[in-house]
1. So, in region A:143-174, exactly how many residues are of a type in the set (S, T, Y) and within 14 Å of chain B (Cβ to nearest Cβ)?
2. Taking the criterion of being in the same structural domain as B:G22 (by TED's automatic domain parsing) and touching a Ser or Thr at 6+ places or on another chain (Cβ under 6 Å), would at least one residue in region B:64-81 satisfy it?
3. For region B:28-62, enumerate the residues that are at pLDDT below 80 and within 16 Å of B:P3 (Cβ to Cβ).
4. When you look at B:K285, is it free of Cβ contacts under 8 Å to residues at least 12 places away in the same chain and either within 40 Å of the chain's Cα centre (by Cα) or assigned by TED's automatic domain parsing to the domain that holds B:M323 (or both), yes or no?
5. Just for region B:47-94: of the residues that are β-branched (V, I, T) and under 27 Å from B:A26 (Cβ atoms), which one is nearest to the chain's Cα centre (by Cα)?
6. Just to be sure, is B:F202 modelled with pLDDT of 90 or more and under 30 Å from A:F36 (Cα atoms)?
7. Can you spot a residue in region B:185-192 that is within 14 Å of chain A (Cβ to nearest Cβ), charged (D, E, K, R) and crowded, with 19+ Cβ neighbours inside 10 Å?
8. Restricting to region A:30-45, name every residue that is more than 16 Å from the chain's Cα centre (by Cα) and either in contact (Cβ under 8 Å) with a residue 60 or more places away in the chain or more than 14 Å from chain B (Cβ to nearest Cβ) (or both).
Amino acid sequence: MRILIVDDESLARSYLVEQLANEADVEITGQAANGFDAVKMAEELPCDLMLLDVQMPKLSGFEVMELLGARAPAVIFVTAHDEFAVQAFQIHAVDYLLKPVEPARLQQALQRARERLRDPVTSRAALSTQVALAARPPGQWLERLVIREGTRVHVLGSHTVDFIEAQDDYLVIAAAGRRYRKQQTLGQLEAQLDPKRFVRIHRSFVLNVERIARIEPYAKDSWQIFLSDGSHLPMSRSGYQRLKAVLD
Amino acid sequence: MHPILSHRGRLLGYLLLWVTFGALLAAVIAVTGEASLRWAELFAMPLAVLMGLECLPCWYLVRGMAPEEVPLWRLIGTWLGSGCVLLSLWLGAATLWARVLKFAALTPNVDPGMLVPLLVFAGSGGVLMAILGLYAAAALDRSRDSERRALELRALAREAEMSFLRRQLDPHFLFNSLNSVAALISSDAVAARRMCLLMADFFRKSLKFGAQQSIALAEELKLIETFLAIEKVRFGERLQHSLDVTEEALNMTVPALLLQPLVENAVHHGIAHLIEGGEIRIGAKVRGNLLDVTVENSCDPERPPSRGTGLGLANVRGRVESMYGTRARMDVETETNRFRVLLALPASPAEAPPCAS
């Protein structure tokens, strides 16, 4: 079983390395000290299992999973926080271990991972959409979006997003004067964003209401919204009603 | 609240005592042979009850004049005066009552004048007894009261300590530190032991300070150094810190555990989000009659606005406001990659200089 260890604390990593030394079938493919390295390593050196911390600088463990998408290996979360457990099992984590990690508990989790890997049906199928859906802390709206561009990873604060447009099977996200592509459906992303700030104004547009400069009627039952940077987006009748409900 | 009037049972008991007093007085009158026992009873009983009622308002004087709080001359003067008033009223009532009895021709041949010395004597005794009794009741009342208040205070202090524990001791801090200890035990036993001792030191000091209102800045800084030493075991090179505190500032008092949460914020919301880590700078100096304290940390320029730090800062602000009102201020400055909290507290020197250990 090839394992990648991801934790921003070197002591936490060396503790896991030490515990894994007792497992005959385990090979450690690498250790990553942050989410960016984790994404890179998981892609360059194929592994079966990730031992993944949740709270790390820049990218959380959940964001790492989202970025890896369908290529994500099986995952065991290792964290001092117990509040992410539900979220972890929503994305079919093999297990959820609390720090300090009990050796017996780790062995049990590894055993579960072996069983999971032997049975490919329950492993990765249809995971990626689930991952995207669950990648936000419980009870909160998404604060940042993670976007891959080739080997680069962009982390956008959701407050910097102007609008999101649905293209064929991907999204175009306009933020801070740039456009980013993201593999996701508009409905999924919309559900994760703060509905007081982001409104579906059209079948293929979600708009950050803070960017609205003015609204002009365009035809019967359709409007044009001009943004503060001068560009404009179409708004449908149902979009108009949704926007009205938010602004009132 | 009047201790006797407010309870029907106590009032009955009290009046019963006075009825006994009346019976005694009647017996004495009868024995001296001035009147028949029947007349004496008819005469003395209502007067005794009257005296009982007359003495009831003395409670308010008793309560206002605790013997340990009022000079002796004033105590004696007041009571002599009120005693005389009570007694004269009572004697007047007695004379009137004797006349009524005589007018009703219930008993002939009694000269009330003959009874005056006896009545003065008995009346003074009665008033004296009533005052002493009320003083005893007041003392009992007060001891019960102070006992209850002491209990309440102890409960409050305990509650404050507990809520401090809940607020202060972030469980993740504890679990992450324990994880570090677990990791160190096999690789570096000496460092593991040092970590245990640091944690013990931190928790003990936090508990001790949690029960205090204010401490010397030097003490608070020692706690912060311990906290940072623990976090440095976790974060390693990523966490750096520097202190710039004047000798004069060290001796000033600060509200206990006011600055530690600021430093904790700086670590968990600043440094922890930086891949390369960063520095925490703590500064303090005296400026006129103010103590200026700054806690500054590097932070991620791409961080979403005000993430999570709000609550900790609001707690600190709330404490500063409730302790000093407008005499202190707290400002928060954010730049792209720096976060700074500035406190200006009234400067007051600690009573004893902190021990230099």
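1. Final tally of qualifying residues: 2.
2. No, the conditions are met nowhere in region B:64-81.
3. none
4. no
5. B:V85
6. Criteria not met by B:F202.
7. Among the residues of region B:185-192, not one is within 14 Å of chain A (Cβ to nearest Cβ), charged (D, E, K, R) and crowded, with 19+ Cβ neighbours inside 10 Å, which makes the answer no.
8. A:G30, A:M41, A:E43, A:E44, A:L45 - these are the residues of region A:30-45 that are more than 16 Å from the chain's Cα centre (by Cα) and either in contact (Cβ under 8 Å) with a residue 60 or more places away in the chain or more than 14 Å from chain B (Cβ to nearest Cβ) (or both).
The values are calculated or read from the model by the stated rules, or taken from the named source; none is laboratory data. All values reported here derive from a predicted model rather than from experimental measurement. Backbone-built Cβ (ideal geometry, glycine too); neighbour counts: all protein chains shown.
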